[in-house]
Each structure stands twice: as structure tokens, then as C-alpha cells.
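Just below is one structure, and these are the notes that go with it.
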Amino acid sequence: MEELNILNLLIILSSAWIGGSVAKKIGYPAILGELLIGILLGPALFGLLETSEMINVLAEVGIILLMVYIGMEINFRDLGKASWAGLLAAVGGFIVPFALGYYTILYFDGTQMAAIFVAIAVGVTSLATKSRILVDLKLLNTRIAYVLMAGALISDTLALVIFAGIISYVDAGSIDSLGLIWVAAKAILFFIFTALAGIYLLPLLGKYLYKANITSRTLHFTLILIIVLGFSELAEVAGLHSILGAFMAGLFIRDGVFQRQISKDINHIFHDVSVGFLAPIFFVSAGFNVTLDVFQTDLWMLVVVTAVAMIGKIVGTAVFYLPSGNGWREGITVGTGMNGRGAVEIIIAGIGLQMGIITSEIFSILVFMAIFTTLSVPVMLTWTTKWLRSRGELITQESRSGYIILGANPLGLFIAKQLKGVQEIVIIDGNRELVAEAKQQGYKTVHGNILKEETMEDAGAIEKGTFIALTGNSEINLLAAQLADDAFFIPNKIVLVSPNENGVDVDLLDKVNATSMFADKTELEPWSNRISTGNFQENKQKIEEEITTREWVKEHQNKNADFLPVIIINPEGQKRPFHYNDDILPGEQVLYISPDF
């Protein structure tokens, strides 16, 4: 048996980390840097790295665990957020490039199987690519974000289903009609069995572990690995590929099967083991199979496949999006966001190469197509979203609504009063008198320790969209935001940071995906006193040019004004808290308070 070359593995992991870090630094997914490192240091260029039997084994384990993680990230309830018209656009973004990719390869005299593999590759889209870009462009609360997320889920799922059919067919070889029926039946039985096991058996396991008070994270991880390997083996028995079993296992190891915090911890473990260790080995070694000869021998095919992938994705999405009534400009914007490819495409292409269905030339074309299309996404999506924003057509659409405000002090109640309207507001405090006063003012209240999950559960945290921590203790605010993030996945976390507590800085806020309330360090007590005594006045300023909240604060600080920005009001009258990570658009107003001298 071949021994593991530790030095080779060390170099592969080190170079993968460097390549991935550089890619993320400039705003691209790590997979892009890992592929490029594999091409650069592999046989295609310098020949410093090489594959081996053990590297291939680790790479295969890596893609199995990565498919588990991808499955765990998919929540089918999210598909409904995009609306039916949005889902049609997502389907169009798969079907049109799929068809164009298929006929392109046939035009270049490729085999039918190779054409289907290429079609799948140009049809998928990258969830990881878009997730990072949506955060950077501050688009997570827009309708576009939900359509893009739905597009990734649908395209990846469709790709894997079609891939399952191809694998079954190839595995069976030349078959008659009866054999074809048997192949299809095995695949259908696999999906039925795994779905039933995921819906009924896994929750029973979770309930048993909960009742037995078994909270060992290690035991849960081991059990999930057994489930994953069991599903993967079932896929192989059914004539499918193991990644289909891993993907199905990931889909059903979701929130609700195991305890919430354990599910979150296990998700992190799979992320770290796959994305941080084994998957980079796969993507770097995938780069070893790339040949640069395609730029001489098959350049025209590379150009056409890349063009078909980009045009098909954008046009297909836009055309299918038209019946939604949301406008062709939004359809084009969604199409540009769906244009990047990623992990699923490379995994499927790698398996196709391994099985001899596609050649190394076609594999190389697919890799370069993924690189080129992914590079285009930030530029094109930035341009198109700015285009929509300038026309007032960038529509917000919250996935989870409602506020939890920690702190029933006068400032907390003042902010609650400003935000009161369509969305539910729940106020939490450990002081019974303050809670009683807030309840008397008509707010839903919870008395309890904010650092206990039961308190957040009583406040309905799992359904809320924004958590605002407004106590005078920055450390408590930060810990509460961390609980909101870890246990309840609340997307927006806004924390009051006191100027007297230097230990709470931007880095700590970033770790829990939180931002600072009022876009600056603020002392709670003086403003609470002014509000409680009525010694303040409300002011509004209409914004003429786009400006960040932090720049707005700096401009007013230069005027030596004593002020506190509280709320941003858009032209439709919708309100949102004034915090660090936001932009104020033309036509919006800032509501701020100042002392009443």
C-alpha cells in the first residue's frame, strides 16, 4: 500500500491556504484560489506538486464531506422567499444554459454523455460565490438575494438529480428497456428511502438523544458520520455516486433534528473539516488535471462554452423572470448574480473525468469557464445593482421580521416607539420594574437573563430578524449578540458599545456578524436621562447624496454638535435602526435627537 507523502500533503495544504486567502482577500471564493494554485504548481505549469493514491483518497473523502456541508446549508423553506416568479427565473437560469451547453458540445463533435456533463456544468451556479458578494454589497435583505439563493439551491439540486441519472446509465452500460427501468427504479427507491429516513427516522434519533440528555458533540459528530457513510453506500448500491448520498444526508441533518446548539456546532465542524482541510486537497488536485493545451488546440471551444455559459445564464434568467412583473432590469441583475460557478460544477466535472466520460481537455475547459464566469460576478452584479438602486427599483424583502430589544430603559423604549408598526417588537430586561413599565406601554415583554437560551426562546428569537442590545454593559451586549447568532441565527445584530469599554472593538463585533448602534461608541446613561426627563428634541435631516452612516456621524461630529442618530426613514415611510453597517440613500431621512437647551 502506498504511504502518505507528508511533505507533498503539507505543500498542497499550505499552497491551498495561500491561494484561498488571496482569493478571499480580493473578494472571490477560496475555491478559485485553490484551483489556480493547483494549475500553477501542478503539471500544467511548474510541476512542483503531484497527485498520488493517498491524495486521491483524501480528496474523495473531502468532496463527500463537502457535499454534506452543502446539503446542510440548503433549507427548502427558503425557496418560498423568492416567490413563484423568482423560482421560475431560477429554473430558467439552469435550463437555458443547460440546453445551450449541450448543443455546443455536440456541435464540436463531442459525445452525448460529454455534452450532458458540460450542460450540467454551465447550468449550475455557486452559492458560496454569491453569499460573500451579497454580504459585501449589502444586498441580503433584498428580493434579489432570495431569488439568487433559490437559484443556487434549485440549480445545484437539478444538477445532482441529472447527474444521478447519468451515473446510473453509465454504470449499467448498454441496457435494454427492462434494464433501463431497473436502473431508474433503483435511483427512485434510493431517493424515496433516504427521504423517508430523513423525515421520520433521523428526528426520532434526535428526540432519543435529547430525552437521554446526551449532549456530547463528539458522539453526535460520530453518529452523523455513520449516517453520511450509510447514505453514501446506499447511493453506490443504487448505482449512483457516493456524493448523492452525502448530499441527501446533509439535507436532512438540519435544524430540528438535533438540539439547536449541537446542530450549529456540527455544522461548524463539517465546515472546518471539509472546507478547511479535505476539500482544498480536492480542488488543488483538480487543478493537476488541467491542461493549458486547450488555449492552443481548443481555444474556440473554450470561448464558445464560456460565452454560452454567461449569455445563457443571464438571458435565460431574465426571460423566465419577465412574467413576475418585476421588470427586465431586475431579471438581468439576477442573471448576473447567478453567473458564477463553483464547487458542485468542479466536483461533477472531476467525477466525469475520473469515469472517462469527458476528456482532460473538456475538464480543463470547464475549470477555466468556472474561473472566468466567477470573476465576472462581482463586477457585473455591482454594476447592475447600482443601476437598480439609482432607478429606485432595488426592492427590500426581509426573510425574518420583528425586533428583539435588550434593555427596557428610556432609550430602548424610545427606539421601540420609533420602530413600532407592522413588525412585532419584544423587549427583554432583567429588571422587573422596567419590564412592567414597558408592558404598560403596550409592548410584548420578557423578564429574564438574556444569556440564557430560554429567555430568547420566550421572545420568539427563532422568528425575529433583528436583535438590538441596548444595555450600558458592552460585554453583556456582545455576549447576547453572540447567543442570538449562534443559537437562533438572527441575521441582524446591532450592539450599543460604550466609549468606556475599550475591549469591545470592531473585530469582536465582526466575529458575531454584529454592528454598532448609532455608528459610534455611545454612553447610554446621559441619553436615557434626557429622554426620561423630556430634555431632548427630535430632528430630521433629508439626505441629498448617498452617504454611509459612519460618514454622516463624522460630518456632524465636525460641527461639535451633541446628537444621537436613531432611525433612518425611507421615502415610503419604512424605518430601520441607525447603525454602522448601512448606507443612507438619497431621499431618505435621518431622525436624530439632541439636548433641548
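Please name whichever of Leu88, Gln537, Ile547 sits farthest to the positive end of the charge dipole of the chain, dipole taken about the Cα centre and charges placed at Cβ: Lys and Arg +1, Asp and Glu -1.
Working it through, the farthest residue towards the positive pole turns out to be Gln537.
May I ask you to sort Arg260, Arg391, Arg530 by Cβ crowding, counting other Cβ atoms within 10 Å and putting the fewest first? Write down the numbers at each step before the final one.
On the way: Arg260 16, Arg391 10, Arg530 21.
By the 10 Å Cβ count, ascending, the order reads Arg391, Arg260, Arg530.
Treat every Asp and Glu Cβ in segment 403-595 as -1 and every Lys and Arg Cβ as +1, leave all other atoms uncharged, and give the resulting dipole magnitude about the Cα centre to the nearest 20 debye. Kindly include the intermediate steps, with their values, before the conclusion.
Working: 18 positive and 30 negative charges, 121 e Å.
That gives a dipole near 580 debye.
Per residue of segment 215-231, what does 6.51 cos²θ - 1.76 cosθ + 1.60 with θ = phi - 60° give for ³J(HN,Hα)? Whole Hz please, x for Gly and Pro, Karplus curve as stated.
The phi angles translate into 10, 5, 5, 5, 5, 4, 5, 5, 4, 5, 4, 4, 4, 4, 5, x, 5 Hz.
Could you please rank Arg389, Arg341, placing first whichever residue has the fewest other Cβ atoms within 10 Å of its Cβ? Walk me through the intermediate numbers first.
Working: Arg389 17, Arg341 30.
By the 10 Å Cβ count, ascending: Arg389, Arg341.
Relative to the present Cα-Cα distance, how much length would full extension add between Thr382 and Tyr103 at 0.36 nm per residue of separation?
On the way: separation 279, 0.36 × 279 = 100.44 nm, distance 3.13 nm.
Difference between extended and current length: 97.3 nm.
With a Förster radius of 22 Å, plug the Cβ-Cβ distance of Lys207 and Phe489 into 1/(1 + (r/R0)^6) and report the FRET value to the nearest 0.05.
Details: r = 21 Å, r/R0 = 0.97.
Approximately 0.55, to the nearest 0.05.
Treating the beta-carbon of each Lys and Arg as +1 and of each Asp and Glu as -1, no other charges, what is the dipole magnitude of segment 363-508 about its Cα centre, to the nearest 20 debye?
Charge dipole of segment 363-508: 700 debye, to the nearest 20.
Please work out how much length the chain gains when fully extended from Ile226 to Ala184, using 0.36 nm per residue of separation minus the C-alpha to C-alpha distance, in nm with one decimal. Please list the in-between numbers first.
On the way: separation 42, 0.36 × 42 = 15.12 nm, distance 2.64 nm.
Working it through step by step, the gained length comes to 12.5 nm.
For an R0 of 45 angstrom, estimate the FRET efficiency from the Cβ-Cβ distance between Gln557 and Thr111 and round to the nearest 0.05.
Details: r = 67 Å, r/R0 = 1.49.
So, using R0 = 45 Å, E works out to roughly 0.10.
Which trypsin sites (Lys or Arg not before Pro) from segment 422-453 combine a DSSP loop assignment with at most 15 other Cβ atoms within 10 Å? Let's see the in-between values first.
Values: sites: Arg432, Lys439, Lys444, Lys452; in loops: Lys452.
Qualifying residues, ordered by number: Lys452.
For segment 513-518, what does the Karplus curve 6.51 cos²θ - 1.76 cosθ + 1.60, with θ = phi - 60°, yield as ³J(HN,Hα) per residue in whole Hz, taken in order and with x for Gly and Pro?
Karplus-based 3J(HN,Hα) across segment 513-518 equals 6, 10, 10, 8, 5, 6 Hz.
Roughly speaking, what is the stretch gain from Ile11 to Leu479, that is 0.36 nm per residue apart minus the C-alpha to C-alpha distance, in nm to one decimal?
Working: separation 468, 0.36 × 468 = 168.48 nm, distance 3.86 nm.
Between Ile11 and Leu479, full extension yields an extra 164.6 nm.
With both partners inside the chain, how many of the DSSP beta bridges are antiparallel, as a percent to the nearest 5?
Details: 19 of 39 bridges.
Among the beta bridges of the chain, antiparallel pairing accounts for roughly 50 percent.
To the nearest 20 Debye, how big is the dipole of segment 511-560 about its Cα centre, given +1 on the beta carbon of each Lys and Arg and -1 on that of each Asp and Glu?
In total the dipole reaches around 140 debye.
What GluC sites (Glu not before Pro) in segment 1-72 are in a loop by DSSP, with at most 12 other Cβ atoms within 10 Å of the Cβ? Walk me through the numbers before you get to the answer.
Working: sites: Glu2, Glu3, Glu34, Glu50, Glu53, Glu60; in loops: Glu2, Glu3, Glu50.
In loop regions of segment 1-72 (DSSP not H, G, I, E or B), the sparsely surrounded GluC sites (Glu not before Pro) are Glu2, Glu3.
Using only the Cα atoms, what convex hull volume per residue in Å³ does segment 403-595 have? Each step should come with its number before you reach the end.
Details: hull volume 21.8 nm³, N = 193.
So the per-residue Cα hull volume is 113 Å³.
If you take the charge dipole of the chain about its Cα centre, with +1 on Lys and Arg Cβ and -1 on Asp and Glu Cβ, which of Thr466, Ser52, Leu201 is farthest toward its positive end?
Among Thr466, Ser52, Leu201, the one farthest towards the positive end of the dipole of the chain is Thr466.
What does the helix-only formula give at 222 nm for the chain: each DSSP H stretch with n ≥ 4 adding -39500 (n - 2.57), the total divided by the residues, and the result rounded to the nearest 500 deg cm²/dmol?
Details: 25 runs with 356 residues, N = 597.
Value at 222 nm, helices only: -19500 deg cm²/dmol.
Taken together, the values in this text are just the output of simple stated rules run on the coordinates, not laboratory data. This is a predicted model, so every value here is computed, not measured. All Cβ positions, glycine included, derive from the backbone under ideal geometry; neighbour counts span all protein chains shown.
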